[in-house]
Amino acid sequence: MIADLVISGATIVTDTAQFSASIAIKDGAILAIGDAAAMPEAKETLDATGKYILPGAIDAHVHFREPGYSHKETWETGTASAAMGGVTTVFEMPNTKPPTGTVEALNLKLKAAESAYVDFGIYGLLGESNLDQLEALIEGGVAGFKCFMGNTFANLPSPPTGAILEGFEIIAKHGYRIALHAENASIMARRETKLKEAGRNDPLAHLAARPPVVAVEAVARAAILAEWTGARIHILHVSSGDELRPLREAKARGVDITAETCPHYLLLDEHAYTEMGSLIRVNPPVREKSHQDQLWAGVRDRTIDMIATDHAPHSAAEKHKDDIWCADCGFTGVETQMPLMLTQVSAGRMTLNDYVRMTSTAPALAFGLYPRKGALLPGSDADLVVIDMDRPETVDSARLQSKSPSTPFDKAEVTGMPIHTLVRGRFVMKDRTLMTDARGHGLSVRRIQRMPTPTPKNLEHTTAAILAAKPSR
Ligand code: NCD
Ligand code: ZN
């Protein structure tokens, strides 16, 4: 058999091991991993001596803005950014225009995604007004769901708790994971009003409007609803140390709950507000240093399962405002995650195996893609990234692929760069250059894994069971 490509000389890194080996790729999949001498003949070879090969990163949280806000980002620019960042699969969020709450809207998004460089899953919206659409969205090809418990960019209304419960019941039957923007809408709306009445419009007012209780309440509530319905849930962008306790408690109770944090919560603190002004406005907010320290502890003890980016591009004009309440929330991140976090690996704050687990294996497992993705195994998709752990670089926002490259990490000194990115065996980035002919190579991913059907805590209490029950007298 003749392979399409053999990469030799590198150290292979998985979530549990590191070893020297060559890797052979054929028809988009990994054909063999082993001694150079044992590799089949290949049409193309790549010498990666001194480099590391990791399974490509799977970013469970990006906003690519199409349809509706293509002045901020497009699928083409967003996935080009991913390719340059060593990210081979992204999960894209439904707060577009129209929101991804109907099959019609999903089809518009799938059309926009035809320009993708990397593979992608699309989140369907779980909202109060589209509970009757959830099963059609599953049929139509979503990879998971997203529920906005609190307001954020695009201001999609947060469903009342009763609607969230019913949505969980419907989705639980199908095993799809539901990602939550876990912030309590009511608490922060009242805080924001009071701060505005008091004349506050400085950057730190944003932090004051969203204290940790906003997130803690929502995480705990989501966990209870998941426990009662058997729904699988994922807590997006954990920003406070306080959220770790309800996460740990829910995991201990057996709730199928995963959690992510993002580089900005691990690397920045309250000084960012004075240093960067409105650029740093993001939901949930970057918090005080003590939270950062607790989040690292949560990474180490595995309460936090994943690192995602919440890539949330907005134009420079939309980010830079004198009045903090007028600045759009979020910033780009999909292209800088890997260099930033590899720098932390080199600093000894996590191992390369931890890094692979948090950026690839864990999201693949959580969203039912493992072992097709998130693994370096014969038969897995050849989604991989070749990295140079010693390569120094200065993050330069002007050179990022994103249409809206505002980032709090502009000019950051990093060590460790993705050099080549392959999606199903095809280079989408080679020698730090985007392979523009790979535009459109990305495909939609769907859950492939059979997972045990979840058991709700109290079957007789589901909405369907209550409606079916006959009155006893
Ligand atoms: C995100 C966006 O801009 O879409 N903004 C943000 O501040 N994180 C939405 C979100 O993930 O909350
Ligand atoms: Zn969010």
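The values are calculated or read from the model by the stated rules, or taken from the named source; none is laboratory data. Keep in mind the model is a prediction, meaning the values are calculated, not measured. Note that we place each Cβ from the backbone using ideal geometry, even for glycine, and neighbour counts take in every protein chain shown. These accessible areas exclude ligands, DNA and RNA; they are computed on the full protein's heavy atoms, side chains included. Shrake-Rupley method; radii C 1.70, N 1.55, O 1.52, S 1.80 Å.
Relative contact order for the chain: what percent, with Cα pairs under 8 Å and sequence separation of 6 or more?
21 percent
Reachable lysines from Lys196, Cα under 28 Å, same-chain residues fewer than 8 places away excluded?
Lys72, Lys289, Lys319, Lys321
Taking only DSSP H segments of four or more residues, each worth -39500 (n - 2.57), what value at 222 nm results for the chain once the sum is divided by all its residues, to the nearest 500 deg cm²/dmol? The partial results should precede the final answer.
Details: 16 runs with 139 residues, N = 473.
For the chain, the value works out to -8000 deg cm²/dmol.
Go ahead and run the numbers for FRET between Ile2 and Asp47, Cβ-Cβ distance against an R0 of 22 Å, rounding to 0.05.
Numbers: r = 19 Å, r/R0 = 0.85.
Once the sixth-power term is evaluated, E becomes 0.75.
Extending each Cα 7 Å along its Cβ direction at Ser129 and Phe19, get the distance between those two points in nm, one decimal.
Those two pseudo-labels are separated by 5.5 nm.
Taking Cα centroids, how far is the stretch 333-395 from the stretch 228-271 in Å?
Computed from Cα coordinates, the inter-centre distance equals 20 Å.
Please compute the net charge surrounding Asp328, taking Lys and Arg as +1 and Asp and Glu as -1 over other residues with Cβ under 10 Å from its Cβ. Could the numbers behind the result be given before it?
On the way: positive: Lys72, Arg281, Lys319, Lys321; negative: Glu318.
Overall, the nearby charge balance is +3.
Magnitude of the Cβ-charge dipole of the stretch 200-293, K/R +1 and D/E -1, about the Cα centre, nearest 20 debye?
Values: 11 positive and 13 negative charges, 50 e Å.
So the magnitude is around 240 debye.
Enter the angle in degrees (range 0 to 90, nearest 10) between the Cα long axis of helix 185-197 and the first principal axis of the Cα atoms of the chain, meaning the one along which they spread out most.
80 degrees
Are there trypsin sites (Lys or Arg not before Pro) in the stretch 351-428 that DSSP puts in a loop and that have at most 13 other Cβ atoms within 10 Å, and which ones? Write down the numbers at each step before the final one.
Details: sites: Arg357, Arg372, Lys373, Arg399, Lys403, Lys411, Arg424, Arg426; in loops: Arg372, Lys373, Lys403, Lys411, Arg424.
Taking the stretch 351-428 and a limit of 13 other Cβ atoms within 10 Å, the loop trypsin sites (Lys or Arg not before Pro) found are Lys411.
Using the Cα centre as the reference, give the magnitude of the dipole from point charges on the C-beta atoms of the stretch 136-269 (Lys, Arg: +1; Asp, Glu: -1; all else neutral), rounded to the nearest 20 debye. List each step's numbers first, then the result.
Working: 15 positive and 15 negative charges, 23 e Å.
The calculation lands at about 100 debye.
How big is D, in µm² s⁻¹, for the stretch 96-177 by Stokes-Einstein at 20 °C and 1.002 mPa s if Rh is the Kirkwood radius over C-alpha pairs? Before the final figure, lay out the partial values.
Working: Rh = 13.0 Å.
Result for D is 164 µm²/s.
Magnitude of the Cβ-charge dipole of the stretch 321-473, K/R +1 and D/E -1, about the Cα centre, nearest 20 debye?
Details: 20 positive and 16 negative charges, 214 e Å.
That gives the stretch 321-473 a dipole magnitude of about 1040 debye.
Keeping every protein chain present and rolling a 1.4 Å probe, give me the accessible area per residue for the chain in Å².
Numbers: 17840 Å² over 473 residues.
Per-residue accessible area for the chain comes out at 38 Å².
Give me the Debye-computed log₁₀ of I(q)/I(0) at q = 0.05, 0.08, 0.12 Å⁻¹ for the chain, equal point scatterers on Cα only, no solvent, two decimals.
Here log10 of I(q) over I(0) equals -0.17, -0.44, -1.01.
Select from Pro363, Gly167, Gly241 the residue farthest towards the positive end of the dipole of the chain; place +1 on Cβ of Lys and Arg, -1 on Cβ of Asp and Glu, and compute about the Cα centre.
About the Cα centre, the residue reaching furthest to the positive side is Gly167.
What number results when the radius of gyration of the stretch 3-50, computed over Cα atoms, is divided by 2.2 N^0.38 Å?
Details: Rg = 10.2 Å, N = 48, 2.2 N^0.38 = 9.6 Å.
Ratio of Cα Rg to 2.2 N^0.38 Å: 1.06.
So which trypsin sites (Lys or Arg not before Pro) in the stretch 190-279 are both in a DSSP loop and have at most 15 other Cβ atoms within 10 Å of their Cβ?
Numbers: sites: Arg190, Arg191, Lys194, Lys196, Arg200, Arg221, Arg232, Arg248, Lys251, Arg253; in loops: Arg200, Arg253.
Taking the stretch 190-279 and a limit of 15 other Cβ atoms within 10 Å, the loop trypsin sites (Lys or Arg not before Pro) found are Arg253.
Roughly how many Å² of Asp202 are accessible to a 1.4 Å probe, to the nearest 10?
Approximately 50 Å² of Asp202 is accessible to the 1.4 Å probe.
Using R₀ = 22 Å, calculate the FRET efficiency as 1/(1 + (r/R₀)^6) where r is the Cβ-Cβ separation of Ala198 and Thr274; round to 0.05. If you can, show how the numbers build up before the last one.
Values: r = 20 Å, r/R0 = 0.89.
Once rounded, the FRET efficiency stands at 0.65.
Please report, as a whole percent, how much of the solvent-accessible surface of the stretch 3-50 comes from carbon and sulfur atoms (probe radius 1.4 Å). Let's see the in-between values first.
On the way: 1070 of 2270 Å².
Heavy-atom surface of the stretch 3-50 belonging to carbon and sulfur, 1.4 Å probe: 47 percent.
Mind pulling the angle between the C-alpha long axis of helix 289-300 and the longest principal axis of the chain? Nearest 10 degrees, somewhere in 0 to 90.
Orientation of helix 289-300: about 60 degrees from the principal axis.
First select every other residue whose beta carbon is under 13 angstrom from the beta carbon of Asp4; then total the charges, Lys and Arg +1, Asp and Glu -1. It would help to have the intermediate numbers written out before the result.
Numbers: positive: Lys26, Lys43, Arg424, Arg426; negative: Asp27, Glu41, Glu44.
Surrounding charge for Asp4 is +1.
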